[in-house]
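J.: Here it is: the structure, laid out below.
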């Protein structure tokens, strides 16, 4: 049983939900889920904004709460998906966000697994199939890769990223919250860890031990690889990177599964936005665990069996964000 305590108060006309979300029992023996005892004088909490309005209008409302430092040339990192993927963030929502941000482009990288998206040419065909034709789409590793430093990493000192990441001053990370075959769940951390890494080198660095098989890294070690790869982007952009998680069509499978993805069993929840990458993923997972177990059994099993919650503990440990947050509901 996951322990939950929810406090409700009203401030400045908005409902403010402080969700300590004591994660203490996904699996009693799992090092991924230590109990988080929170006091009134504990560390400062990150703000995570929430709306249950899953629409272009709702998306823009939460984005406006976090966009103060989004300036210059703006990359919108999202998941373009496999052909005809059924669970992607809808085109009208992505289009509304992109058209509201001056000097912005959608950005992606090619993939590491076998897919039309493994090459730039095939990827661009999938973009057409899935309707991503309303603005420029920058496949950031089309012209190669660049090594970005990782401050304080214990596994990596640098990560190979799509070279065109250097073209941008800011990044908006638009993520679809769902399960993931290797990561347990995919949120903001996964989106920029795997998603900003180039398809030939960076993704291989995260998934594969040198001299071993293509998918030889798993469990806690894989979570740490992803977190450190994400840190390359957070270090690079500083306070000019923000995060939005869409909790809709939350299949146990990633959007990289395309039409083979399992049908979602959990209800749609809403959209979250924050300037803190760990806080937004923590809040998203907490909201999943607050849903009835009959809806989330498969998704919880996927998260826990892959040690996915270690993304959050290691993210806080390495300093890319905090697990303590204030969930602020907006209308």
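J.: Just the residues that are surrounded by fewer than 24 Cβ atoms within 10 Å (Cβ to Cβ) and either without any contact (Cβ under 8 Å) to a residue 12 or more places away in the chain or in a helix (DSSP H, G or I) (or both), please, taken from region 159-186.
T.: 163, 164, 166, 167
J.: Which residue is modelled with the lowest pLDDT, if the candidates are limited to region 187-214 and must be assigned to a loop (DSSP other than H, G, I, E, B), touching a helix residue (DSSP H, G or I) at 6+ places or on another chain (Cβ under 8 Å) and more than 22 Å from residue 67 (Cβ to Cβ)?
T.: Among those residues, the one meeting the criterion is 214.
J.: From the list 107, 111, exactly one residue is under 19 Å from the mean Cα position of the chain (by Cα) and outside any strand (DSSP E or B). Which is it?
T.: The conditions single out 111.
J.: In region 143-158, what count of residues is obtained for those that are crowded, with 17+ Cβ neighbours inside 10 Å and out of contact with any strand residue (DSSP E or B) (no Cβ under 8 Å at 6 or more places or on another chain)?
T.: Looking only at that region, the number is 2.
J.: Further question on the same structure: Inside region 278-323, can you point out the residues that are part of a loop (DSSP other than H, G, I, E, B) and under 17 Å from the mean Cα position of the chain (by Cα)?
T.: 306, 307, 308, 309, 319, 320, 321, 322, 323
J.: Further question on the same structure: Any idea which of (1) assigned to a loop (DSSP other than H, G, I, E, B); (2) farther than 15 Å from residue 226 by Cβ; (3) touching a residue at least 60 places away in the same chain (Cβ under 8 Å); (4) in contact with a helix residue (DSSP H, G or I) (Cβ under 8 Å, 6 or more places away or on another chain) is the one residue 268 doesn't satisfy?
T.: Among (1) assigned to a loop (DSSP other than H, G, I, E, B); (2) farther than 15 Å from residue 226 by Cβ; (3) touching a residue at least 60 places away in the same chain (Cβ under 8 Å); (4) in contact with a helix residue (DSSP H, G or I) (Cβ under 8 Å, 6 or more places away or on another chain), residue 268 violates only (4).
J.: Does region 130-158 hold any residues that are within 19 Å of residue 109 (Cα to Cα) and in a loop (DSSP other than H, G, I, E, B), and which are they?
T.: Within region 130-158, 130, 131, 132, 133, 134, 135, 136, 140, 141, 142, 143, 144 qualify.
J.: If you don't mind, another one. Could you list all residues from region 308-322 that are buried (at least 23 other Cβ atoms within 10 Å of the Cβ) and touching a strand residue (DSSP E or B) at 6+ places or on another chain (Cβ under 9 Å)?
T.: 308, 309, 310, 311, 321
The values are calculated or read from the model by the stated rules, or taken from the named source; none is laboratory data. Since we're looking at a predicted model, the values are computed, not measured. Every residue, glycine as well, gets a Cβ built from its backbone with ideal geometry; the counts of neighbours run over all protein chains shown.
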